[in-house]
1. Scan Trp180, Trp80 and give me the residue that is farther than 24 Å from Ser195 by Cβ, surrounded by fewer than 23 Cβ atoms within 10 Å (Cβ to Cβ) and among the aromatic types (Phe, Trp, Tyr).
2. Find all pairs meeting these conditions: Cβ atoms under 6 angstrom apart; at least six residues apart or on different chains; first residue within the stretch 147-165 and under 17 Å from Leu126 (Cα atoms) and of a type in the set (Gly, Ala, Ser); second residue at pLDDT 95 or above and not in a strand (DSSP E or B).
3. If a residue must be in contact with a Cys (Cβ under 6 Å, 6 or more places away or on another chain) and hydrophobic (A, V, I, L, M, F, W, C), how many such residues does the stretch 1-53 contain?
4. How about the stretch 23-67: which of its residues are hydroxyl-bearing (Ser, Thr, Tyr) and closer than 16 Å to Tyr96 by Cβ?
5. Going by the structure shown, is Glu168 within 25 Å of Thr12 (Cα to Cα), crowded, with 24+ Cβ neighbours inside 10 Å, at pLDDT 95 or above and not β-branched (Val, Ile, Thr)?
6. Look at the stretch 197-212 and say how many of its residues are in a helix (DSSP H, G or I) and in contact with a Gly (Cβ under 9 Å, 6 or more places away or on another chain).
7. Identify all residues within the stretch 10-38 that are in a loop (DSSP other than H, G, I, E, B), in contact with a Leu (Cβ under 9 Å, 6 or more places away or on another chain) and under 19 Å from Phe92 (Cα atoms); write none if there are none.
8. Tally time: how many residues in the stretch 68-77 are in contact (Cβ under 8 Å) with a residue 24 or more places away in the chain and closer than 15 Å to Ala102 by Cβ?
Amino acid sequence: MKRLYVLKVGTTFPATAERLGDFDAWTMSALGNVDCETCVLDVEHGAPLPSATECAGVVVTGSHSMVTDELPWSIQLEKWIPSLLDAGTPFFGICYGHQLLARAAGGEVDFHPRGQEIGTVPVHLLPDCARDVLFRTLPQTFLAHVSHSQSVLCLPEEATRLAFSSFEPHHAFRVGECAWGVQFHPEYNTAIMRSYIKEDTADLESSGRDASGLLLAVKETPAAATTLRNFGRLVEDRLANKYIRRTGNAADNT
């Protein structure tokens, strides 16, 4: 039976993890109740990757690692992603996962020339979102939580750019019909975002940033979270449609 795989590719700050959980738990919570068997794989610590035929969908989490570090597990994952693209497997990359999707499809990733983007920021949709299954119900401008130093500097040639901020030109993109990358964090809530700002306070203030102002500006981001829930619904729908085509029976696949 196909599964929805959440690939854990990083671990948050120890104090944050103790109080609030980790990337995999946040992602699972943000996905909501998906009518599909779901499995977390800790790829960072050696969990083997499934074949594309075993995947109903794949979500790759954020990470404190950098894509350009080219760690062995990351290189393996990057080389695996094209098999999902070829198979038309639904894919959703968050932050690190977004950047890895871009590299796997021929884009360029490196440090953002303006440094770190962190906090709650307005993200703006582009016209192609009107026909995009994950973004078409979102408002033209919505708030999202962000925390990243590296970015997709150049999109893959065949990618469709979907969203941007005043800082980040590539906040969301799609490759083909069912592979998305989002630089923002749909799985963060306000407590997680504030924890990240507090953890980074010393570095922020040393670079002239106002950490207290960033903390005050943290707000809920329900529209951003919708993208991940929409992805879960997409996986459900594709599984249900395949079951109906295979059996001719419109009953639930239980």
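The values are calculated or read from the model by the stated rules, or taken from the named source; none is laboratory data. Because the structure is predicted, anything quoted here is derived from the model rather than measured. Note: ideal-geometry Cβ built from the backbone for every residue, glycine included; neighbour counts use all protein chains shown.
1. Numbers: Trp180 fails: surrounded by fewer than 23 Cβ atoms within 10 Å (Cβ to Cβ).
Matching residue, one of Trp180, Trp80: Trp80.
2. Correct list of pairs: Ala163/His171; Ser165/His171.
3. We begin by selecting, within the stretch 1-53, every residue in contact with a Cys (Cβ under 6 Å, 6 or more places away or on another chain); these are 3-5.
Those left that are additionally hydrophobic (A, V, I, L, M, F, W, C): 4.
Final tally of qualifying residues: 1.
4. Within the stretch 23-67, the subset hydroxyl-bearing (Ser, Thr, Tyr) is 27, 29, 38, 51, 53, 61, 63, 65.
Thr27, Thr61, Ser63, Ser65 - these are the residues of the stretch 23-67 that are hydroxyl-bearing (Ser, Thr, Tyr) and closer than 16 Å to Tyr96 by Cβ.
5. Numbers: within 25 Å of Thr12 (Cα to Cα): yes; crowded, with 24+ Cβ neighbours inside 10 Å: no; at pLDDT 95 or above: yes; not β-branched (Val, Ile, Thr): yes.
It is false that Glu168 is within 25 Å of Thr12 (Cα to Cα), crowded, with 24+ Cβ neighbours inside 10 Å, at pLDDT 95 or above and not β-branched (Val, Ile, Thr).
6. Looking only at the stretch 197-212, we keep the residues that are in a helix (DSSP H, G or I), and these are 197-199, 201-206, 211-212.
From what is left, the residues that are in contact with a Gly (Cβ under 9 Å, 6 or more places away or on another chain) are 197.
Total satisfying the criteria: 1.
7. The initial filter retains those residues of the stretch 10-38 that are in a loop (DSSP other than H, G, I, E, B), namely 10-13, 21-22, 32-37.
Right, trim to in contact with a Leu (Cβ under 9 Å, 6 or more places away or on another chain) and you get 12, 32, 34-37.
Gly32, Val34, Asp35, Cys36, Glu37, listed by residue number.
8. Matching residues across the stretch 68-77 total 3.
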